[in-house]
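Heads up: the structure comes next, in structure tokens.
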């Protein structure tokens, strides 16, 4: 007997984006139960139609993805939420994590990464690390101005910087990346040193400004 398909609610204000995601996910055996073009429409539909997971853009006019998430949790709905994001959303990621999001995914993630992320979050896992892409890795080079870092950054350091940008503690980062907490602390110290900053917030802001993340 085959497994039942994962039931997804899809929220995005752009019809073409929704159509593309729907076609992609249906090809991978995922059921799109309903679509919504803003947070309020999502909330209204969820009251009548439960799903396994919500896949929502963060940025939407009217009620955005974070406001919808906050309202969802406020009414006692624990449906897992996976938010689509970009790396210029550092403050939004922090707000979303505090509101109760189970995961974040880059909007240009590979199809197989999207499928895996949905399956993992629907199964109760937390996806703290946005999926890496070639497009983002290509931006590791930084501008020559604005006191550039003294060294380049490896993949592990960039992954940790992304999680710091999401507001996660060393303990949470260690659990996500399967590292010892002491190892993460060493990485963070090295990152701060390379960026020439003394605290995590300034490190994230500088890393974003220099397009390291």
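Taking (1) surrounded by fewer than 21 Cβ atoms within 10 Å (Cβ to Cβ); (2) under 22 Å from residue 204 (Cβ atoms); (3) touching a residue at least 60 places away in the same chain (Cβ under 8 Å); (4) touching a strand residue (DSSP E or B) at 6+ places or on another chain (Cβ under 8 Å) in turn, residue 98 satisfies each apart from (4).
Looking only at segment 163-179, residues that are within 19 Å of residue 101 (Cα to Cα), at pLDDT below 85 and out of contact with any helix residue (DSSP H, G or I) (no Cβ under 6 Å at 6 or more places or on another chain) come to 4 in all.
Which of the numbered conditions does residue 3 fail, given that it passes all the others? Conditions: (1) within 17 Å of residue 122 (Cα to Cα); (2) at pLDDT 90 or above. (2) is the only condition that residue 3 fails.
Of the helices (runs of 4 or more DSSP H) lying entirely inside segment 150-196, those containing at least 2 residues that are surrounded by 14 or more Cβ atoms within 10 Å (Cβ to Cβ) and under 20 Å from the mean Cα position of the chain (by Cα) are 155-165, 170-177. Here residue 47 passes the criteria (1) surrounded by 15 or more Cβ atoms within 10 Å (Cβ to Cβ); (2) at pLDDT 85 or above except the one numbered (1).
Within segment 200-213, residues that are farther than 12 Å from residue 158 by Cα have Cβ atoms under 7 Å from residues that are crowded, with 20+ Cβ neighbours inside 10 Å in these pairs: 200/164; 206/195, counting only partners at least 6 apart in sequence or on another chain. Of all residues in segment 67-94, those satisfying the criterion of being at pLDDT 90 or above, in a helix (DSSP H, G or I) and buried (at least 20 other Cβ atoms within 10 Å of the Cβ) are 68, 69, 72.
Looking only at residues of segment 25-44 that are in a helix (DSSP H, G or I) and touching a strand residue (DSSP E or B) at 6+ places or on another chain (Cβ under 9 Å), we find that the one that is surrounded by the fewest Cβ atoms within 10 Å (Cβ to Cβ) is 44.
The values are calculated or read from the model by the stated rules, or taken from the named source; none is laboratory data. The model shown is predicted, which means the values in this text are computed figures rather than measured ones. A quick note on method: Cβ atoms are made from the backbone with ideal geometry, for glycine too, and the neighbour counts reach across all protein chains shown.
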